[in-house]
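What follows is a short report on a single structure.
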Amino acid sequence: MNNTLEMIMDRRSIRKFTEESVTQEQLSDILEAGRWAPTGGNCQTVHFLVLLNSEVREELRKRVFTAFSEMELREDQYASIQNSIRQCRKGSYVFDYHAPVLVVVSNRRGYPNAMADSACALQNMMLEAESLGVGTCWINQLHWLDENPLVREYLEPLGIGADETICGALALGHYEKNQDVYPVPG
């Protein structure tokens, strides 16, 4: 088996991070991998907002918690959105698993390849992080709350443009190697 396939098969979504942050060199390499992801027509419109400050991430957590708490629970919703609402109502919801780094990935609003291009960047970053021994978890909650005023009014002054759509986020950090992880697809 080649190294790339082995790395893809070894990567897991981490949901319990230690307080140890990634190094600046690791973060730079991870972001560079995202920058080199393919984009439709080579448009290169994927944007990364890196949240390193713990107070900024905590305020964002509070806003996400409030946004989901205020949402109506409906049967026709995506199951993970329903789960987010339920967990908020129980008071036990932290969307980014307390990762020491959160990279918010956005793209031009209305651009037909926004999600596909951003997904390629997220995957590249996850694979580079794996190669560096850094744990990751793809986070969709900010995408689900892209139009929520609580989230938008907080992220726009930090660098998410009003003309951008939030496509996802990446939680990054170190983790205990023996923690429970989701099983490999069968």
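What the table below lists for this structure:
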{"quantity": "Descending semi-axes in Å of region 15-56, equivalent ellipsoid built from Cα gyration tensor", "calculated": "26, 12, 10"}
{"quantity": "Region 1-40-region 109-174 distance, computed between alpha-carbon centres (Å)", "calculated": "14"}
{"quantity": "Value of Rg to Rh for the chain (Rh from inverse mean 1/r over Cα pairs, i.e. Kirkwood)", "calculated": "0.95"}
{"quantity": "DSSP loop GluC sites (Glu not before Pro) with at most 11 other Cβ within 10 Å: longest gap in the chain", "calculated": "76-146"}
{"quantity": "Antiparallel content of DSSP bridges confined to the chain, in %, to 5", "calculated": "95"}
{"quantity": "Eligible lysines near K90 by straight Cα distance, threshold 22 Å, same-chain separation 8 or greater", "calculated": "K16, K62"}
{"quantity": "The chain, dipole about Cα centre (Lys/Arg Cβ +1, Asp/Glu Cβ -1), debye to the nearest 20", "calculated": "400"}
{"quantity": "The chain, helix-only ellipticity at 222 nm - DSSP H runs n ≥ 4, -39,500 (n - 2.57), divided by all residues, nearest 500", "calculated": "-13500 deg cm²/dmol"}
{"quantity": "Relative intensity, log₁₀ I(q)/I(0), of region 1-102 from a Debye sum that treats every alpha carbon as a point, q = 0.14, 0.19, 0.22 Å⁻¹", "calculated": "-0.82, -1.14, -1.18"}
{"quantity": "Qualifying chymotrypsin sites (Phe, Trp or Tyr not before Pro) for region 26-113 [loop in DSSP, other Cβ within 10 Å: at most 16]", "calculated": "W36, Y78"}
{"quantity": "Dipole moment magnitude, nearest 20 debye, region 79-184 about Cα centre, only Lys, Arg, Asp, Glu C-beta charged", "calculated": "360"}
{"quantity": "Full-stretch length increase - S28, M9 - with 0.36 nm per residue and alpha-carbon distance subtracted", "calculated": "4.5 nm"}
{"quantity": "Solvent exposure, largest accessible area first (probe 1.4 Å, DNA, RNA and ligands not counted), of D29, D117, D10, D76", "calculated": "D76, D10, D29, D117"}
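The values are calculated or read from the model by the stated rules, or taken from the named source; none is laboratory data. Keep in mind the model is a prediction, meaning the values are calculated, not measured. Backbone-built Cβ (ideal geometry, glycine too); neighbour counts: all protein chains shown. We work out accessible area using only protein heavy atoms, side chains counted, and drop any ligands, DNA or RNA first. Shrake-Rupley method; radii C 1.70, N 1.55, O 1.52, S 1.80 Å.
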